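Scroll down for the structure; my scribbles are underneath it.
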Amino acid sequence: MRLGIAACSRAFPARRWTRRTALQVVLNYRIAAENLRQGLPMVDPRDPLSLPYVMEMAEAQGRPVRLLPIFVISPLKLAGESLSAVLDCESRLQTVVVASMPAAGCSAPVRPAEAFALAAAEIIGAALILRECLRPRVEWAIGVFPFGLRGWR
């Protein structure tokens, strides 16, 4: 039902969408599935409403989704849209990757060693908890991303 409401709220398809909707996620995946030759992009797990439709499209293409990421925001809180999406489709998945996206100088310290320590603290605890709770294999990856205001204009 919400997909139809989202479709009616957009006036012109070429117009840049300022707010991401469930229908936009489905359409983006469909365009990629029809036009990319080197494989489909990773499924966006941030919208649990669109995830079942995207997973059905991937299975119809012969490339079922077997891996989804869980993005951890804080070492003190294990929640979010990506976690609820993974919990909804747990039976279809083989692997879950726990990741975070700290930005050095913004949401993480500027010094690389301190930024990686923060990223490890965010991820390892969540990965251990999820490894005990989920059926699919749980992997984790630590990364720190650059951040700078010079490119913003």
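The values are calculated or read from the model by the stated rules, or taken from the named source; none is laboratory data. Please read these numbers as outputs of a predicted model, since none were measured by experiment. All Cβ positions, glycine included, derive from the backbone under ideal geometry; neighbour counts span all protein chains shown.
Of the strands (runs of 3 or more DSSP E) that lie entirely inside segment 44-153, those containing 3 or more residues that are among the β-branched types (Val, Ile, Thr) span 95-99.
If you go through segment 19-71 and keep only what is at pLDDT below 80 and touching a strand residue (DSSP E or B) at 6+ places or on another chain (Cβ under 6 Å), you end up with just PRO45.
Here VAL98 does not qualify as in contact with a Lys or Arg (Cβ under 6 Å, 6 or more places away or on another chain) and either exposed (fewer than 14 other Cβ atoms within 10 Å of the Cβ) or outside the structural domain of GLN24 (by TED's automatic domain parsing) (or both).
Can we say GLY105 is touching a residue at least 40 places away in the same chain (Cβ under 8 Å), on the phi > 0 side of the Ramachandran plot and out of contact with any Lys or Arg (no Cβ under 6 Å at 6 or more places or on another chain)? When the stated conditions are applied, GLY105 passes them.
Exactly one residue among LEU87, LEU93, LEU128 is surrounded by fewer than 16 Cβ atoms within 10 Å (Cβ to Cβ), at pLDDT 85 or above and within 17 Å of ASP47 (Cα to Cα), and that residue is LEU87.
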